[in-house]
Amino acid sequence: MFSQLFQDERTIRSYREAPLARSRLEYLAHCAERGYAQATLRQTAYWQMVAVRTLDLKEAATVPLSRIKTAAEGWAPGKPSSSTARKGPRSTREVLLRVATRWLEFAGLLDREVVASHPHGDKVVQYAEHMRHERALAETTIAGRCRRADEFLSRHCRREDSLRALSAADLDHAIARKAGPDGCSRVTLRAYQYDLRQFLRYAAAQGWCDAQLAGAIRPAPAYQLQSLPAGPSWQDVEQLLRQMDGEGPANSRARAVLMLCAVYGVRSGEIRRLRLADLDWERETILFRRSKQAGQHLFPLTRSVGDAIIRYLREGRPRQPARPEVFLTLRAPVRPLTSAAVYGIVSQRLRTLEGPLRHWGPHALRHAHATRLLQQGFSMKEIGDCLGHRDPAATAVYAKVDLAGLRQVADFRLGEVLP
């Protein structure tokens, strides 16, 4: 690998003879497999050598993260290279910290020294296992509830005995902080209260806190369905898709993502989990793995969506890594898209539409899709099956969006029926 990256024999020899050569080579090969360019690999090898010298690494021993941070803050290049000279001291130290951390973590030599913000981390883990195995909740739901429990404990239960000593006044203070300084909406505050109450019920059952605490949380007033309509009109969606006929990998990927959201109403996680094997080109079908049901739904693959995906596969998707997922990052390290990346792809395009929207992510297009089906006369059961809803009430919210239909009901005249 060193001989492929460098031409000077003395440089190659110095890289080979430096400590931890095997570990450095394995990480470079790993980066090459993930699609790093040759120039990036050379820079990574250089910063590995800087880390070896700065941290005085002699053998494969665990390195604390704090030691890497301290070394990076105190590092200054003696004779900077041309690429290093173009960067300021702050940026070069950040690069050293990033490369050293990723390399040592890959090699299993990094000790992150995680200092918990509260002493109840094991309780949150136990709570997650309960939701996973006893209640069979979706992983996204478990992650959200654990995140809110962690936030509450880190703010209000920083001592070992603070959970047992928790009072209703402490809960009022926590909720007031969410509603005040944090600036949460009514819907977000209500969700926070609900998740906190669920955690406290479990904690009380385990004997960790007072059994009356959960009942002390009274949900904040929130008007049902106050956030609807959440999506753009279907005319706006069609206009947006027509405007996305430009060239380039980013545009072809964005068009395929938005087509899936608009035509099938899928969630962000269902797009991220879509694999190449889920596309059956001979039978013209597409398979989605649902986020909240742990099930699979097979749909006909429409011509427009199929053309958009084929264009992305040909022009935008990186070909080097053997990844099963359809949608990948465009830059190295090549990896599947995160939820934040999918949100960014959709919201960037939705913000070009005229007129305000309440939501800018994939869920806005999901609402637009459901509203269109409702306007075309599909039943609530059919719409719910298409969206992957378990509860009919989850589909019923879209009836509020059909304002034209509601006006027809309001304008209905009984005529001669009345005496």
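The values are calculated or read from the model by the stated rules, or taken from the named source; none is laboratory data. This structure is a prediction, so every number in the text was calculated from the model and none was measured. Neighbour counts are summed over all protein chains in view; Cβ atoms, including those assigned to glycine, are modelled from backbone coordinates with ideal geometry. What goes into the accessible areas is simple: the full protein's heavy atoms, side chains included, and nothing from ligands, DNA or RNA. Shrake-Rupley method; radii C 1.70, N 1.55, O 1.52, S 1.80 Å.
Could you look through segment 327-377, keep only residues that are farther than 30 Å from THR40 by Cβ and touching a Lys or Arg at 6+ places or on another chain (Cβ under 9 Å), and pick out the one that is surrounded by the most Cβ atoms within 10 Å (Cβ to Cβ)?
Taking segment 327-377 as the starting set, the residues that turn out to be farther than 30 Å from THR40 by Cβ are 350-377.
When the remaining residues are screened for being touching a Lys or Arg at 6+ places or on another chain (Cβ under 9 Å), the result is 357, 360, 362-364, 366.
Values: LEU357: 18, TRP360: 18, PRO362: 26, HIS363: 17, ALA364: 23, ARG366: 22.
Only one residue tops the list, namely PRO362.
Of everything in segment 173-224, what is within 31 Å of the chain's Cα centre (by Cα), open to solvent by 30 Å² or more (accessible area, probe 1.4 Å) and charged (D, E, K, R)? Give them in sequence order. Spell out the reasoning first.
Within segment 173-224, the subset within 31 Å of the chain's Cα centre (by Cα) is 173-203, 214, 217-224.
In the following step, the residues that additionally are open to solvent by 30 Å² or more (accessible area, probe 1.4 Å) were identified as 173, 176-177, 179-188, 190-191, 194, 197, 201, 218-219, 221-224.
Of everything in segment 173-224, those that are within 31 Å of the chain's Cα centre (by Cα), open to solvent by 30 Å² or more (accessible area, probe 1.4 Å) and charged (D, E, K, R) turn out to be ARG177, ASP182, ARG186, ARG190, ARG197, ARG201, ARG218.
Cβ-Cβ distance below 8 Å, separation of 6 or more or different chains: which pairs start in segment 186-207 with a residue that is in contact (Cβ under 8 Å) with a residue 60 or more places away in the chain and end on one that is among the polar types (S, T, N, Q)?
Pairs found: GLN206/GLN126.
One line per residue, one yes/no per condition, for (1) out of contact with any Phe, Trp or Tyr (no Cβ under 9 Å at 6 or more places or on another chain); (2) in contact (Cβ under 8 Å) with a residue 24 or more places away in the chain:
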position: THR140; (1), (2): yes, yes
position: ARG145; (1), (2): no, yes
position: ASP150; (1), (2): yes, yes
position: ARG164; (1), (2): no, yes
position: ASP170; (1), (2): yes, no
position: GLY180; (1), (2): yes, no
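Please specify each residue of segment 24-40 satisfying the condition of being surrounded by 19 or more Cβ atoms within 10 Å (Cβ to Cβ) and under 21 Å from ARG53 (Cα atoms).
Of segment 24-40, the ones surrounded by 19 or more Cβ atoms within 10 Å (Cβ to Cβ) are 24, 27-28, 31-32, 35-36.
ARG24, TYR27, LEU28 - these are the residues of segment 24-40 that are surrounded by 19 or more Cβ atoms within 10 Å (Cβ to Cβ) and under 21 Å from ARG53 (Cα atoms).
Exactly one of these conditions fails for VAL237: (1) touching a helix residue (DSSP H, G or I) at 6+ places or on another chain (Cβ under 7 Å); (2) farther than 30 Å from HIS369 by Cβ. Give me its number.
Answer for VAL237: the failing condition is (2).
When segment 50-61 is examined, which residues are found to be open to solvent by 60 Å² or more (accessible area, probe 1.4 Å) and modelled with pLDDT of 85 or more?
Let us first name the residues in segment 50-61 that are open to solvent by 60 Å² or more (accessible area, probe 1.4 Å), namely 53, 56, 58-60.
Across segment 50-61, the qualifying residues are ARG53, ASP56.
Given the structure, is GLY355 at positive phi, touching a helix residue (DSSP H, G or I) at 6+ places or on another chain (Cβ under 8 Å) and small (Gly, Ala, Ser)?
Details: at positive phi: yes; touching a helix residue (DSSP H, G or I) at 6+ places or on another chain (Cβ under 8 Å): yes; small (Gly, Ala, Ser): yes.
So GLY355 fits the description; yes.
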